[in-house]
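Engineer: Here you go, one structure.
Read-outs throughout are calculated quantities, based only on the coordinates presented, and are distinct from any laboratory measurement. Here the structure is a predicted model, which means the values were calculated and not measured. All Cβ positions, even for glycine, are placed from backbone atoms using ideal geometry, and neighbour counts span all protein chains on display.
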Amino acid sequence: MSCTSDSGPFAAKSPGTIRAVLLFIGACLSGGLLFRVDIVLMRWRYALVGEDGPDGIFKQYVEGLRHFGQAPAITVVLVMAALTDPRRRAVIVTVLLAQLFGSLAYNPLKFAVGRYRPFAAVEAAGPLEQMHPADTWLGWRAGDRQNRTQSFPSGHSAAAFALAGVLAWFYPRLRGLLWVLAAGCALSRFIDGVHWFSDCWFGAMIGLVAAGMALSAGRWMGLVQTPAVREAGHVR
């Protein structure tokens with residue numbers, strides 16, 4: 001039996017697998033640098049939008065983007081796929097798998113690794129001008145259920161990029177819009193002041209890896225086709 005069989009979920013030809021691994025490694029390296037500038041970036045955020053956050057039409061956009069990747073948006077996507085796309089089974093299964101894989105990564109981290117949300121860090125460690133990166137971390141806190149110390153990583157960012165990653169595969173002509181919506185969701189969490197920038201970055205990378213894993217699993221199940229066949233979808 002050949003050892004190069006492509007019947008498994010992590011076969012060499014599975015879509016997104018190698019890319020997902022490389023993205024994860026790159027995220028870890030770049031995320032380490034972001035940890036060091038999180039406080040500086042948060043100072044800029046407060047200087048630009050103040051303690052109360054954005055207002056006016058900017059606030060409307062931030063609040064709208066925040067929900068991309070959440071249950072209502074996912075429900076709309078699944079219903080539209082079920083009603084209009086012949087590949088409905090593939091789309092629905094991979095979208096749900098991506099959300100499952102993502103949640104299995106970011107939820108345990110939230111409950112095990114303690115990190116103050118920005119507003120909580122100010123309450124605990126003092127003004128941002130006097131804060132050091134280490135002041136935002138509490139370390140290993142298995143079973144932590146306090147929302148104020150569950151900053152890392154951003155679950156909204158992970159869910160948004162998991163959704164965008166799968167949909168961009170099935171609807172490549174929409175990929176630009178999908179990435180803007182996912183990035184907007186992640187940035188909204190930073191602008192809202194409930195996550196550090198690195199939280200959103202790592203959440204986004206988790207989402208991309210989850211999307212790659214879901215597409216690989218979909219190919220293994222015979223649902224996700226090759227790129228050439230994919231291009232034959234409704235939106236090309």
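Engineer: Could you give each residue of segment 141-158 its phi-based ³J(HN,Hα) in whole Hz, using Karplus coefficients 6.51, -1.76, 1.60 with θ = phi - 60°, and x for Gly or Pro?
Structural biologist: 9, 4, x, 5, 10, 8, 4, 5, 10, 10, 6, 9, x, 7, x, 4, 5, 4
Engineer: If you build a Gaussian network model of the chain, linking Cα atoms that sit under 10 Å apart, which residue out of 173, 117, 66 swings the most?
Structural biologist: Ranking 173, 117, 66 by mean-square fluctuation puts 173 first.
Engineer: Here's something else I'd like to know. Anyone know which of 206, 25, 57 comes out most mobile in the 10 Å Cα GNM of the chain?
Structural biologist: 57
Engineer: Now for a different question. Going by alpha carbons, how many degrees (0 to 90, nearest 10) lie between the helix axis of 17-49 and the longest principal axis of the chain?
Structural biologist: Roughly 30 degrees, rounded to the nearest 10.
Engineer: What is the set of long-range amide H partners of residue 113 at a cut-off below 5 Å, with H atoms built 1.01 Å from backbone N?
Structural biologist: Here the answer is 141, since their amide H atoms fall under 5 Å of that of residue 113.
Engineer: Normalise the Cα radius of gyration of segment 34-95 by 2.2 N^0.38 Å (N = residues in it) and let me know the number.
Structural biologist: It is 1.72.
Engineer: Turning to a different aspect of this structure: Relative to the longest principal axis of the C-alpha atoms of the chain, give the angle of the C-alpha long axis of helix 197-220, reported between 0 and 90° and rounded to the nearest 10°.
Structural biologist: Orientation of helix 197-220: about 10 degrees from the principal axis.
Engineer: Moving on. Divide the volume of the convex hull of the Cα atoms of segment 87-221 by its number of residues and quote the answer in cubic angstrom per residue.
Structural biologist: Taking only Cα atoms, segment 87-221 has a hull volume of 101 Å³ per residue.
Engineer: Just rank 101, 111, fewest to most, by other beta-carbon atoms within 10 angstrom.
Structural biologist: Ranking 101, 111 by Cβ neighbours within 10 Å, fewest first, gives 111, 101.
Engineer: Sorting check: for 210-216, 187-193, 29-35, which peptide has the highest mean count of neighbouring beta carbons within 10 Å, and how do the rest follow?
Structural biologist: 210-216, 187-193, 29-35
Engineer: List, largest first, the extents of the alpha carbons of the chain along their principal axes, each in whole Å.
Structural biologist: 60, 46, 27
Engineer: Taking DSSP loops as anything outside H, G, I, E and B, show the longest stretch in the chain free of GluC sites (Glu not before Pro) there with at most 16 other beta carbons within 10 Å.
Structural biologist: With a cap of 16 other Cβ atoms within 10 Å, the longest stretch comes to 52-230.
Engineer: Turning to a different aspect of this structure: Helix 71-84 against the longest principal axis of the chain: what's the angle in degrees, Cα atoms only, rounded to the nearest 10?
Structural biologist: The angle comes out at about 20 degrees.
Engineer: Which value results for Rg/Rh of segment 89-162 when Rg is the Cα radius of gyration and Rh the Kirkwood radius based on the inverse mean 1/r?
Structural biologist: Taking Rg over the Kirkwood Rh, I get 1.13.
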